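What follows is a set of notes on a single structure, which appears directly below.
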Amino acid sequence: MFDPYRVRDDFPIFKRRIRGKPIIYLDSTATSQKPIQVIEALSKFYMESYANIHRGLYDLSQEASEMYEEAHVKVAKFINADGMEEVVFVRNTTEAINLVAYSWALNSLKQGDEILLTIMEHHSNIVPWQLIAKRKNVKLKYVDIDGDGRLKIQEFEEKISSKTRLITVTHVSNVLGTINDIRRIGKLAHEVNAFFLVDGAQSVPHMPVNVKDIDCDFLAFSGHKMLAPTGIGVLYAKKDILSEMDPFMGGGDMISDVDLYESKWARLPWKFEAGTSSIADGVALGVAVDYLMKLGMENIYQYEREITEYALNNLLAIDGVEVYGPKDIEARSGILSFNVRNINHHDVANYLSENYNICIRSGHHCALPLMKRLGLKGTARASFYIYNVREDVDILLEAISSLVGSS
Ligand code: PMP
């Protein structure tokens, strides 16, 4: 049985008190807290095994190299990739998407080609494509959402053409919480031989994601949203595609030979990991993956759904609160964006923080096109993860009820 109270005990931050009260952390969509296992692995690595990798012949360097490589193997297993050759460590989702934009798209797309995106993308899955579109004279097309905050799937069929070269979609909306049917969208992409990129920033930490099952060409996600340190993220890509792609950055560690005018690349995935990597953070990502796998991604998904359903139903029952995104729990993950009538979203977040130590996000959530589509300046957003318990939700509900009552 999944026991969030036991999980919570692994997170030292929850022992902290602010203004004498516990912290109600409901902002895991922005970044997750870290368990002691990850924190200790990070400091143990620095205390006992630290050295640069792939360079030294001495024991420490070999040990560090093995640990860093092992972390790639763990991530590969976690998403069911075909080995560590398909797993490139980057800084975060943003860098992973930019890697695809600059290494793949810049070299593969030509004038008149089309990229199909959706209106619910995070800026990190919009802006890189705008930059590429300008340089390559490529057209961007967007799929809209319906009144319930779900993608209009039939629009993919209408907007896909023989010119579509890439479909890039978030698996889960960081604003609406909508879980998109990426298996179906991927099929549509491959029917016209388009490449398919999935932004997994909000799915990989929260549910089983199997790259074979969703048949994506690229999957981007961030370690810091899944218990690992900041500064480490992942680009998964099919081996054949990575083999064909030029490197993103040139420098040390990504070559097998360098002459004055030409170089040969290192084997995968190192061809894409130029310079000294975030070695310790990479090792700690492997430990975070161990932690998540021990809990079981299906258990995590089921638990988050349970706590979200409880929060959603109770939030909807408060007069004066509007919740965005699907009302059907099957279609959404543990992200609840809402507004309180006549109160600015930042004022809501301030009130919750000052009076209850509740940490929620407020603003446009790096999804301005979606905000404009919804006609909103911003929302308040509460989000749940493995360490949140019903009492957290109860305090959130009490705080919002008292705010509504006082307004
Ligand atoms: N995509 C989505 C859906 C996100 O929610 C986020 C982070 N909020 C990102 C991309 C960007 O992640 P990062 O800042 O770690 O690069």
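Since every read-out is calculated from the coordinates, none of them should be taken as a lab result. Since the structure is predicted, the reported quantities are computational estimates derived from the model, not experimental observations. FYI the Cβ positions are ideal-geometry reconstructions off the backbone, even for glycines, and counts take in every protein chain you see.
Of note:
- Extension gain from GLU354 to SER406, taking 0.36 nm per residue of separation minus the Cα-Cα distance: 17.2 nm
- Relative contact order (percent, whole number), the range 1-64, Cα cutoff 8 Å, 6+ residue spacing: 21
- Projected label points at MET47 and GLU157, each 7 Å from Cα along the beta carbon direction, are separated by 6.0 nanometres.
- Relative contact order computed over the chain (Cα-Cα under 8 Å; 6+ residues apart), in percent: 22
- Estimated [θ] at 222 nm from DSSP helical runs (n ≥ 4, -39500 (n - 2.57)) normalised by residues in the chain, nearest 500: -11500 deg cm²/dmol
- Potential lengthening of the chain between LYS372 and ALA30 amounts to 121.0 nm, from the contour at 0.36 nm per residue minus the alpha-carbon distance.
- Three-way shape label, the range 106-205, alpha-carbon gyration tensor, a/c 1.5: prolate
- Over the range 259-407, the ratio between the Cα radius of gyration and 2.2 N^0.38 Å evaluates to 1.42.
- The DSSP beta bridges internal to the chain are antiparallel in roughly 60% of cases.
- When the square roots of the Cα gyration tensor eigenvalues are ordered a ≥ b ≥ c, the ratio a/c for the range 256-314 is 1.5 or more and a/b exceeds b/c, which makes its shape prolate.
- Mean-position separation - Cα centroids, the range 52-83 and the range 115-158, in angstrom: 36
- The length gained by stretching the chain between VAL73 and VAL389 to full extension, at 0.36 nm per residue less their Cα-Cα distance, is 110.6 nm.
- Cα-based reach from LYS136 at 16 Å (exclusive), listing aspartates and glutamates while leaving out same-chain residues under 8 positions away: ASP113, GLU114
- Chymotrypsin sites (Phe, Trp or Tyr not before Pro) within the range 260-301: DSSP coil, no more than 13 neighbouring Cβ in 10 Å: TYR261
- Pairs from LYS134/LYS239; LYS21/LYS77; LYS15/LYS74; LYS110/LYS152 whose Cα-Cα separation, in the structure shown, is over 32 Å: LYS21/LYS77
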